[in-house]
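Reading through the structure tokens given below for one structure.
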Amino acid sequence: MTSKEICRELKKWTEEELEGCKRKTDSGITILTPDGMGNYDALWTRDFAYMAEYAGDLIPDALLQDGVEYLLSHQRQTDGWYPDRVDTHGTAIYSAGNPDLPCGEANLDNTPFLAIVFALLLDRVDADRAKELVEKYIGELRRGLMCIPLEQHGLVWNDPHHPHSPYGFTDCIGKTGALMMESILLWRACRMLTARLRAMGICDRDMEQVAGRIAKELENVFYEKESGMLLAASKDCRQIDVWGSCYALSVGFPLSVGCIRSIQNWLILHAKGILEHGQLRHTAPEEYWHRLLLPVPQGEYQNGAYWATATGWFVDAVAPVEPELAHKTLLDVVSYFKNQGVFECINGSYQKLNHFVVSAANTYGAAKRYLNAG
């Protein structure tokens, strides 16, 4: 199968999942939920941001704008935190998990993902509308970014004794201390926003400083020379973070050439242990998270299962040095989607939640990038 054929197949699945995940809110707008079968009844901030970034060409401007404003209108006024999700009735939930039994404090990635999708929206509207959106929302959005806890080096901090739920696709995992993936998300959100503001003649030195400190310190804190990979956290779960390392390379985080090469080498060397049907596990082969916020059996969900959500980042990371592996990874995902389904995650006979939107959308985004690069 050629790259064009892979991209065409993934586009078809993504279109189907996006259509299936539409739900009407009580206020009359349409939102995009995480799966195409109606198992969820809310707009999840990070899932929506992934859909917008990796499959934005399949989402109408009005649908994107309605979703962004739906999330922006539910800021928690006591501290500036934005929601993990907002349901169809307009109820905002700030922490992962059951509202009556949350996974720790509010997720650390809520506002960064919202800032990312807001920046993407600004790229889609005309100059006058962009100015209106910035004037209406940038102050509170900035407040939401600035209230995220940071440690002495400016990296995102998670108190081991009173933890927030971290990045939402590891929201059951007790990563504490300085956090790597979450810091990259904050860096990226600040960078994307300040670039759009600068183009409008607006300078935000605070957000620029936050991004600059993260760029300066992250490799020093998280790069493990022994393994050649980035670690997830500085306290609990100080382990190789496969997703985070791939994401860093995918989004162009400023790492040294030596660090980039060692990550690529590790990914290629361990590809068979971290991939299953082209889908990627969070941790090193046969390794599981040291601390959990909710019980997750080893080999399932966020604790050892394989996800298509992160496939594209792996492809981006290895394509410059092993294009054949990148192509095979995409081909393996397409084959699995065709023969088994578009699941949230898998592991052997274990399959969780068919018709998971970002499994299709994120892989479709990777296929487009790979096709254009070729």
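The values are calculated or read from the model by the stated rules, or taken from the named source; none is laboratory data. Values in this document were obtained by computation on a predicted structure and should not be read as measured data. Glycine gets a Cβ as well: all are built from the backbone with ideal geometry, and neighbour counts include every protein chain shown. Remember, those area values only see protein heavy atoms, side chains included, never the ligands or the DNA or RNA. Shrake-Rupley method; radii C 1.70, N 1.55, O 1.52, S 1.80 Å.
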Inset, instruction - Report yes if some residue within segment 150-157 is in contact with a strand residue (DSSP E or B) (Cβ under 9 Å, 6 or more places away or on another chain), at pLDDT 95 or above and among the charged types (D, E, K, R); otherwise report no. - result: yes
Inset, instruction - State all residues of segment 6-53 that are over 20 Å from Pro83 (Cα atoms), among the charged types (D, E, K, R) and either surrounded by 24 or more Cβ atoms within 10 Å (Cβ to Cβ) or at pLDDT below 95 (or both); if no residue qualifies, say none. - result: Glu17
Legend entry - Filter pass, Met207 being in contact with a Lys or Arg (Cβ under 9 Å, 6 or more places away or on another chain) and at pLDDT 95 or above: yes
Legend entry - All helices (runs of 4 or more DSSP H) inside segment 1-78 with 3 or more residues being of a type in the set (Phe, Trp, Tyr): 45-55
Inset, instruction - Within segment 345-357, identify whether any single residue is surrounded by fewer than 17 Cβ atoms within 10 Å (Cβ to Cβ), at pLDDT 95 or above and closer than 24 Å to Arg238 by Cα, and answer yes or no. - result: no
Legend entry - Qualifying helices (runs of 4 or more DSSP H) (wholly inside segment 162-253; at least 3 residues being open to solvent by 10 Å² or more (accessible area, probe 1.4 Å), farther than 30 Å from Pro99 by Cα and aliphatic (A, V, I, L, M)): 180-199, 205-222
Legend entry - Breaking point among (1) in contact with a strand residue (DSSP E or B) (Cβ under 6 Å, 6 or more places away or on another chain); (2) assigned to a helix (DSSP H, G or I), for Ser95: (2)
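Among the residues of segment 272-283, what is the count of those that are open to solvent by 10 Å² or more (accessible area, probe 1.4 Å), in contact with a helix residue (DSSP H, G or I) (Cβ under 7 Å, 6 or more places away or on another chain) and outside any loop (DSSP other than H, G, I, E, B)?
Number satisfying all stated conditions: 1.
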Inset, instruction - Considering only segment 279-333, state which residues are within 22 Å of Glu9 (Cβ to Cβ), under 21 Å from the mean Cα position of the chain (by Cα) and acidic (Asp, Glu). - result: Asp316
Legend entry - Residues located in segment 73-94, provided they are farther than 15 Å from Asp47 by Cα and in contact (Cβ under 8 Å) with a residue 60 or more places away in the chain: Gln75, Asp79, Gly80, Trp81, Thr88, His89, Gly90
Inset, instruction - Filter segment 284-342 down to residues that are in a helix (DSSP H, G or I) and in contact with a strand residue (DSSP E or B) (Cβ under 6 Å, 6 or more places away or on another chain), then give me how many there are. - result: 2
